[in-house]
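Since every read-out is calculated from the coordinates, none of them should be taken as a lab result. Computed from a prediction, not measured in an experiment: that's the story for all the values here. No Cβ is skipped: glycine too gets one built from the backbone with ideal geometry, and neighbour counts run over all protein chains shown.
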Amino acid sequence: MRIPERAQCLSLLDDMDMPEHILAHSELVCQVALLLTDALQAAGVVLNRPLVHASALLHDITKPRSFTTGENHSKSGGEYLTVLGFPEVGDVVRQHVVLDAYFAAEHPSEAEVVNYSDKRVLHDQIVPLDQRMQYILHRYAKTEAHIQMLQKVWAQTAQLELRLFAHLPFGPLQLCDRVDANRCPPDPEGQKFN
């Protein structure tokens, strides 16, 4: 299995003229994914940490050009990385929006960790799932059929959250403090959620 190291991932992102705001998002998704991976491994779940690291950093690799082309960036990102010789990374990247199968194995997979981590990061802040869902519905829902598909994916993501955190000694809302409390938006009362 060929997995690009961090420096190579950053070079690949640079080659795609990655805007700073998408790079910041990708870096935070990577931090969340690695925190979850380390905690899951400590609980006995076997995961390939370098695969999670590279896939999380590269999950939006073709997103900038998708704004112009209209392409499905998860699919094209997976294809792009596969052509570059990183098929396992490409497979995880391809599933970062919608997983091929939810709960296909007894234990969480690298694709599940990256998928969930992306769902918890809105721009460059860690947010609860419902806040991210509201943003996605507002930004991407075009038709009633699309809204229904997004709601189905979100119900599966809520179940994925339960699956991941069933193994962990902390809950979903404590994720922020474990990564970087400064990356959490204030709640309406002016306090950080934790």
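Overview of results
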read-out	value
About the Cα centre, charge dipole magnitude for the chain (Lys/Arg +1, Asp/Glu -1 at Cβ), debye	280 debye
Segment Ala158-Asn72, extension gain: residue separation times 0.36 nm, minus the distance between their alpha carbons	28.7 nm
Radius, Kirkwood style, for the stretch 1-79 when every pair of distinct Cα atoms is counted (Å)	13.2 Å
Over the chain, relative contact order from alpha-carbon pairs under 8 Å, at least 6 apart, %	21 percent
Mean Cβ neighbour count within 10 Å, used as a protection proxy, ranking 132-141, 157-166 highest first	157-166, 132-141
Any cysteine of the chain lacking a neighbouring Cys Cβ under 4.7 Å - listed by number	Cys9, Cys30
Correct choice for Kirkwood radius over Cα pairs in Å that was computed from the model, options (1) 16.9; (2) 18.3; (3) 19.2	(1)
Counted charge near Asp14, where neighbours are those whose Cβ lies closer than 15 Å (Asp, Glu -1; Lys, Arg +1)	-3
³J(HN,Hα) computed for each position of the stretch 26-35 - Karplus, 6.51 cos²θ - 1.76 cosθ + 1.60, integer Hz, glycine/proline x	5, 4, 6, 4, 5, 4, 5, 4, 5, 4
Simple label model, 7 Å out from Cα along Cβ direction - Asp100 to Val83, nm	2.0 nm
Under-5 Å amide H pairs with Leu122, H placed in peptide plane, nonlocal only	Val127
Radius 12 Å from Cβ of Glu71, net charge of other residues (Lys, Arg +1; Asp, Glu -1)	+2
Charge sum, other residues only, whose C-beta stays under 13 Å from Glu106's C-beta, Lys/Arg counted +1 and Asp/Glu -1	0
Nitroxide proxy distance, nm - points 7 Å out along Cα→Cβ at Gln174 and Gln134	2.5 nm
Simple label model, 7 Å out from Cα along Cβ direction - Ser11 to Thr143, nm	4.3 nm
³J(HN,Hα) computed for each position of the stretch 46-63 - Karplus, 6.51 cos²θ - 1.76 cosθ + 1.60, integer Hz, glycine/proline x	7, 9, 8, 4, x, 5, 4, 4, 5, 5, 5, 4, 9, 4, 10, 4, 9, 4
